[in-house]
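Student: The following block contains the structure, expressed as structure tokens.
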Amino acid sequence: MANAPRPEKVKRKPERPGEILAAAFEEFVRHGYAAARLEDVAVRAGVTKGTIYFHFHNKEEVFIQMVRELSKPLHEKTEQFLQNKPANVLEFISAYLEFCHGLIFEDRSVREILRLLISEATRFPELVDEHTALFIEPIFQHLRSDLTAAAQAGTIRPSPIVDFPDLLLSPVMALNIFLLLFSDRKPLDAKLHLEAAKDLLLRGLLPRD
């Protein structure tokens with residue numbers, strides 16, 4: 001049994017793809033796609049460059065799989081949110097803002113993945129479309145349906161917002177940009193920011209006297 005692999009190697013082998021993708025995330029965040037090097041990913045992950053090529057064909061595949069893997073928890077949380085969303089559209093929007101604000105504040109990977117997708121949108125348009133289809137469009141479909149029904153019932157005033165539910169993401173996008181730009185250098189009152197967003201959007205949807 002002298003040639004049997006050591007237990008730690010057997011244990012680590014299945015973990016390597018995940019470790020590589022976690023290291024790749026840090027390198028892509030720090031340097032961007034074009035400047036990031038697989039050599040540096042290997043060093044950060046504690047593997048050889050050959051190990052990366054054993055699991056992935058090239059840097060492009062590393063980037064694509066990195067986005068997909070780190071987005072899985074977001075997909076699960078989005079599905080769970082939609083399964084338990086309020087029936088009232090104003091309560092739905094309020095809960096949606098709370099959901100998105102929580103993700104942005106608590107999960108660095110959510111902020112950075114969005115930034116990477118925006119910066120590399122022309123290089124990876126299919127990946128952007130995939131991310132949109134999984135995490136954004138399902139929310140928008142519910143919003144369009146609920147906003148239309150609420151406008152017809154008179155709960156909210158008729159408005160083009162029915163056709164542009166993405167505008168309801170404006171406070172979330174502004175928050176994401178602020179945190180990416182300033183990180184901890186400029187403190188932000190998360191609770192107050194959320195209340196301001198709710199006040200702006202929900203009051204704007206109410207019928208006018």
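The values are calculated or read from the model by the stated rules, or taken from the named source; none is laboratory data. Keep in mind that this is a model prediction, so the values were computed, not measured. Note that each Cβ is placed from the backbone with ideal geometry, even for glycine, and that neighbours are counted across all protein chains shown. With ligands, DNA and RNA removed, areas are computed over all heavy atoms of the protein, side chains included. Shrake-Rupley method; radii C 1.70, N 1.55, O 1.52, S 1.80 Å.
Student: Which one of these is of a type outside the set (Asp, Glu) and touching a Ser or Thr at 6+ places or on another chain (Cβ under 6 Å): Phe140, Phe135, Phe124? Don't jump to the end; show me each part of the working.
Tutor: Numbers: Phe140 fails: touching a Ser or Thr at 6+ places or on another chain (Cβ under 6 Å); Phe124 fails: touching a Ser or Thr at 6+ places or on another chain (Cβ under 6 Å).
Step by step, each of Phe140, Phe135, Phe124 is checked, and only Phe135 is of a type outside the set (Asp, Glu) and touching a Ser or Thr at 6+ places or on another chain (Cβ under 6 Å).
Student: Checking Ala149 against (1) surrounded by fewer than 17 Cβ atoms within 10 Å (Cβ to Cβ); (2) modelled with pLDDT under 90; (3) not hydroxyl-bearing (Ser, Thr, Tyr), which single condition isn't satisfied?
Tutor: The number of the failed condition is (2).
Student: Within region 173-196, track down each residue that is loosely packed, with under 14 Cβ neighbours inside 10 Å and more than 19 Å from the chain's Cα centre (by Cα). Spell out the reasoning first.
Tutor: From region 173-196, those loosely packed, with under 14 Cβ neighbours inside 10 Å are 174, 181-189, 191-192, 195-196; that's our starting set.
Those that are loosely packed, with under 14 Cβ neighbours inside 10 Å and more than 19 Å from the chain's Cα centre (by Cα): Asp184, Arg185, Lys186, Pro187, Leu188, Asp189, Lys191, Leu192, Glu195, Ala196.
Student: While we're looking at this one, here's another question. Of Arg111, Arg144, which residue is in a helix (DSSP H, G or I), within 12 Å of the chain's Cα centre (by Cα) and not small (Gly, Ala, Ser)? Break it down into steps so the answer makes sense when it comes.
Tutor: Details: Arg144 fails: within 12 Å of the chain's Cα centre (by Cα).
Going through Arg111, Arg144 in turn, just one is in a helix (DSSP H, G or I), within 12 Å of the chain's Cα centre (by Cα) and not small (Gly, Ala, Ser): Arg111.
Student: Do you know which residues across region 27-43 are surrounded by fewer than 17 Cβ atoms within 10 Å (Cβ to Cβ), without any contact (Cβ under 8 Å) to a residue 60 or more places away in the chain and in contact with a helix residue (DSSP H, G or I) (Cβ under 7 Å, 6 or more places away or on another chain)?
Tutor: Within region 27-43, Glu39 is the sole residue that qualifies.
Here is a yes/no grid of residues against (1) at pLDDT 90 or above; (2) of a type outside the set (D, E, K, R):
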position: Ile113; (1), (2): yes, yes
position: Asp129; (1), (2): yes, no
position: Phe135; (1), (2): no, yes
position: Leu168; (1), (2): no, yes
position: Val172; (1), (2): no, yes
position: Leu180; (1), (2): no, yes
position: Pro207; (1), (2): no, yes
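Student: Could you grab the pairs with beta carbons closer than 7 Å, sequence gap of 6+ or different chains, first residue in region 49-62 and over 14 Å from Leu21 (Cβ atoms) and at pLDDT below 95, second one in a helix (DSSP H, G or I) and open to solvent by less than 60 Å² (accessible area, probe 1.4 Å)?
Tutor: Partner pairs satisfying both residue conditions: Lys49/Leu38; Lys49/Ala42.
Student: Sticking with this structure for a sec: So how many residues does region 84-137 have that are open to solvent by less than 60 Å² (accessible area, probe 1.4 Å) and among the basic types (Lys, Arg)?
Tutor: Qualifying residue count for the region: 2.
Student: A further question on this structure: Which of (1) exposed (fewer than 14 other Cβ atoms within 10 Å of the Cβ); (2) over 27 Å from Gln141 (Cβ atoms) does Glu79 not meet, given it meets every other one?
Tutor: Exception for Glu79: condition (2).
Student: Tally time: how many residues in region 197-209 are open to solvent by 90 Å² or more (accessible area, probe 1.4 Å) and not in a loop (DSSP other than H, G, I, E, B)?
Tutor: Step one: filter region 197-209 for residues open to solvent by 90 Å² or more (accessible area, probe 1.4 Å), giving 200, 203, 208-209.
Next, from what is left, pick out any that are not in a loop (DSSP other than H, G, I, E, B): 200, 203.
Total meeting the criteria: 2.
Student: Spot the failing condition for Thr122; the list is (1) among the β-branched types (Val, Ile, Thr); (2) in a loop (DSSP other than H, G, I, E, B); (3) in contact (Cβ under 8 Å) with a residue 40 or more places away in the chain, and only one is missed.
Tutor: Answer for Thr122: the failing condition is (3).
Student: Is it the case that Val172 is among the β-branched types (Val, Ile, Thr) and within 30 Å of Glu27 (Cβ to Cβ)? I'd like the intermediate steps shown before the answer.
Tutor: Details: among the β-branched types (Val, Ile, Thr): yes; within 30 Å of Glu27 (Cβ to Cβ): yes.
Spelling it out, Val172 is indeed among the β-branched types (Val, Ile, Thr) and within 30 Å of Glu27 (Cβ to Cβ).
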